[in-house]
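Here is the structure we will look at, set down as structure tokens.
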Amino acid sequence: MITFIHGADFHLDAPFSALLPRQAAARREEQRALLDRLADAAEGAQLVFLAGDLLDGERTYYETAQALVRTLGRMRARVFLSPGNHDFYSPRSPWATLSWPGNVHIFRTAQVERVDLPELNCAVYGSAFTAPFRDDSPLAGFAAPRDGRLHFMCVHGDVDGRERYGSIAPQEIAASGLTYLALGHVHAGTGLRYAGDTAWAYPGCPEGRGFDELGEKGVLRGTVGEDSLRCEFVPLAGRRYEILSVDVTGEDPSAALSAALPRGAERDIYRILLTGESALEGLDLAALEELAAPYFYSVSLRDRTRVRRDLWSRAGEDTLTGLFLRELRGRLEAAESDQERERIEKAVRFGLAALENREDCYL
């Protein structure tokens with residue numbers, strides 16, 4: 001049985017431009033700590049696949065380079081690294097200029113390279129981006145031999161993609177004869193998928209860097225037996241990005257926000273959307289942000305509320321809207337319970353939105 005770790009898209013040394021400079025520097029240091037958690041996750045594994053964009057760009061801090069060399073070197077597994085579009089291989093890249101430990105193999109060309117591991121009865125294939133774009137498929141014309149071995153490939157590419165990032169067709173995966181295709185580039189994890197008999201997956205990024213990368217993030221840990229292949233998600237993220245919606249309708253905004261604030265999110269980065277109807281035309285976001293700040297590492301608020309309106313202001317009109325409101329007001333006056341009155345008021349709001357062609361009716 002072979003156990004492997006599959007990670008990608010660490011984007012070490014990302015600028016984190018949306019944060020304060022001191023927070024951005026701290027976040028880059030925290031990214032380096034991801035490497036230690038990766039090494040911990042690799043305990044007991046024989047293979048580690050790092051499928052590109054381990055670095056965010058050409059500029060690599062000295063501390064990051066040293067942490068990368070040190071951490072990969074302390075792994076007992078064989079590490080295979082395929083540079084991606086952000087950290088493509090070139091003679092000036094860290095992949096060429098640093099001294100890498102003996103257990104680390106870096107794929108350096110766009111042509112597929114094979115590394116045989118007879119002690120594990122397997123072969124590992126891979127290739128590299130050698131520029132920020134790649135128009136060809138990393139799997140073009142590839143087929144692993146049927147020689148009784150397990151065949152793995154580690155590449156950066158875009159399954160069914162239309163952009164210039166090594167677009168891979170599902171038919172190419174199915175025809176590859178691979179046991180497992182370890183992919184990078186897509187920041188959302190896919191879980192284990194199949195094209196023909198070939199298993200493939202994106203692990204997603206190991207930690208979010210913005211509000212387009214929400215929730216828990218990590219790597220995949222796979223096990224391959226004679227007739228089985230399983231993958232499980234291993235969380236690595238030290239901080240999460242999350243979006244929280246808070247409806248302030250009928251409440252004091254401060255009270256509504258206080259009631260909705262999560263506990264245990266002090267390490268996380270939140271965006272809070274204030275929604276619903278408010279009696280105020282424009283909320284005091286600075287005061288509300290001050291209220292929320294102690295609960296998070298970083299938090300920002302967005303005012304998505306609309307000013308509360310008098311539902312019955314057009315009831316006297318000689319129009320379809322006036323007729324609708326008079327009918328519903330009669331039902332409201334005859335209602336015998338608070339629950340029924342609440343349903344009628346909601347019907348009025350949605351009915352007015354539909355009659356006035358407002359977007360509320362689609363909410």
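The values are calculated or read from the model by the stated rules, or taken from the named source; none is laboratory data. Small disclaimer: the values here were computed from a predicted structure and weren't measured. Every residue, glycine among them, receives a Cβ derived from its backbone with ideal geometry; neighbour counts consider all protein chains shown. Only protein heavy atoms, including side chains, enter the accessible area calculation; ligands, DNA and RNA are left aside. Shrake-Rupley method; radii C 1.70, N 1.55, O 1.52, S 1.80 Å.
A quick yes/no check of all residues on (1) hydroxyl-bearing (Ser, Thr, Tyr); (2) more than 30 Å from Arg239 (Cα to Cα); (3) part of a helix (DSSP H, G or I):
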| position | (1), (2), (3) |
| --- | --- |
| Ala286 | no, no, yes |
| Ala293 | no, no, yes |
| Leu301 | no, no, no |
| Arg314 | no, yes, no |
| Thr321 | yes, yes, yes |
| Phe324 | no, yes, yes |
| Glu333 | no, yes, yes |
| Glu340 | no, yes, yes |
| Leu352 | no, yes, yes |
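Any chance the range 211-223 includes a residue that's under 30 Å from Val299 (Cα atoms) and of a type in the set (Lys, Arg)? Reasoning before the result, please.
Step one: of the range 211-223, the residues under 30 Å from Val299 (Cα atoms) are 211-220.
Next, from what is left, pick out any that are of a type in the set (Lys, Arg): 217.
For the range 211-223, residues under 30 Å from Val299 (Cα atoms) and of a type in the set (Lys, Arg): present.
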The number of residues in the range 205-224 that are in contact with an Asp or Glu (Cβ under 6 Å, 6 or more places away or on another chain) and open to solvent by less than 10 Å² (accessible area, probe 1.4 Å) is 1
field: Flag if Thr305 is open to solvent by less than 50 Å² (accessible area, probe 1.4 Å), at pLDDT below 90 and under 28 Å from Arg209 (Cα atoms)
entry: yes
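Could we say that Arg230 is in a loop (DSSP other than H, G, I, E, B), of a type in the set (D, E, K, R), open to solvent by 40 Å² or more (accessible area, probe 1.4 Å) and touching a residue at least 24 places away in the same chain (Cβ under 8 Å) here? Talk me through it step by step, then tell me what you get.
Working: in a loop (DSSP other than H, G, I, E, B): no; of a type in the set (D, E, K, R): yes; open to solvent by 40 Å² or more (accessible area, probe 1.4 Å): yes; touching a residue at least 24 places away in the same chain (Cβ under 8 Å): yes.
So Arg230 fails the test.
Considering only residues that are of a type in the set (A, V, I, L, M) and under 25 Å from Ala256 (Cβ atoms), look in the range 302-331 and name the one that is nearest to the chain's Cα centre (by Cα).
Of the range 302-331, the ones of a type in the set (A, V, I, L, M) are 307, 311, 315, 320, 323, 325, 328.
Add one more test, that the residue is under 25 Å from Ala256 (Cβ atoms), and what stays is 307, 311.
On the way: Val307: 34, Leu311: 42 Å.
Ranking the qualifying residues of the range 302-331, first place goes to Val307.
Could you tell me which residue of the range 106-142 is nearest to Glu58 (Cα to Cα), considering only residues that are of a type outside the set (A, V, I, L, M) and assigned to a strand (DSSP E or B)? Before the answer, list the steps.
First, the residues of the range 106-142 that are of a type outside the set (A, V, I, L, M): 107-109, 111, 113-114, 116, 118-119, 121-122, 125-127, 129-130, 132-138, 141-142.
Filter once more, so that each one left must be assigned to a strand (DSSP E or B): 113-114, 116, 122, 125-126, 134.
Details: Glu113: 24, Arg114: 27, Asp116: 30, Cys122: 33, Tyr125: 25, Gly126: 21, Arg134: 17 Å.
Of everything passing the filter in the range 106-142, Arg134 is nearest to Glu58 (Cα to Cα).
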By my count, helices (runs of 4 or more DSSP H) wholly in the range 7-105 with at least 3 residues that are in contact with a His (Cβ under 8 Å, 6 or more places away or on another chain) and surrounded by 15 or more Cβ atoms within 10 Å (Cβ to Cβ) are none
Note on the range 106-115: residues surrounded by fewer than 16 Cβ atoms within 10 Å (Cβ to Cβ) and of a type outside the set (D, E, K, R) are Thr109, Gln111, Val115
Exception for Thr249 within (1) in a helix (DSSP H, G or I); (2) in contact (Cβ under 8 Å) with a residue 24 or more places away in the chain; (3) open to solvent by 50 Å² or more (accessible area, probe 1.4 Å); (4) over 23 Å from Phe211 (Cα atoms) falls at (1)
Expected output for the range 53-76 (first residue under 15 Å from Phe10 (Cα atoms), partner aliphatic (A, V, I, L, M) and part of a helix (DSSP H, G or I), Cβ below 8 Å, 6+ apart or cross-chain) is Leu54/Leu68; Ala67/Leu35; Leu68/Leu35; Thr71/Leu35; Thr71/Leu38; Thr71/Ala39; Leu72/Leu35; Leu72/Ala39
Note: among Ser298, Ser278, Ser228, just one is closer than 24 Å to Ala24 by Cα and among the polar types (S, T, N, Q), namely Ser298
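Only one residue in Arg146, Arg162 is in contact (Cβ under 8 Å) with a residue 24 or more places away in the chain, of a type outside the set (A, V, I, L, M, F, W, C), out of contact with any strand residue (DSSP E or B) (no Cβ under 7 Å at 6 or more places or on another chain) and open to solvent by 10 Å² or more (accessible area, probe 1.4 Å), so which one is that? Full working, then the answer.
Working: Arg162 fails: in contact (Cβ under 8 Å) with a residue 24 or more places away in the chain.
None of the other options fit; the residue is Arg146.
Report yes if some residue within the range 48-60 is more than 22 Å from the chain's Cα centre (by Cα) and not charged (D, E, K, R); otherwise report no. Step through it out loud before you land on a result.
Kept after step one, since they are more than 22 Å from the chain's Cα centre (by Cα), are these residues of the range 48-60: 58-60.
Retained after the next criterion (residues that are not charged (D, E, K, R)): 60.
For the range 48-60, residues more than 22 Å from the chain's Cα centre (by Cα) and not charged (D, E, K, R): present.
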Taking the range 1-33 and keeping residues modelled with pLDDT of 95 or more, in contact with a Gly (Cβ under 7 Å, 6 or more places away or on another chain) and not acidic (Asp, Glu) leaves Thr3, Phe4, His6, Ala8
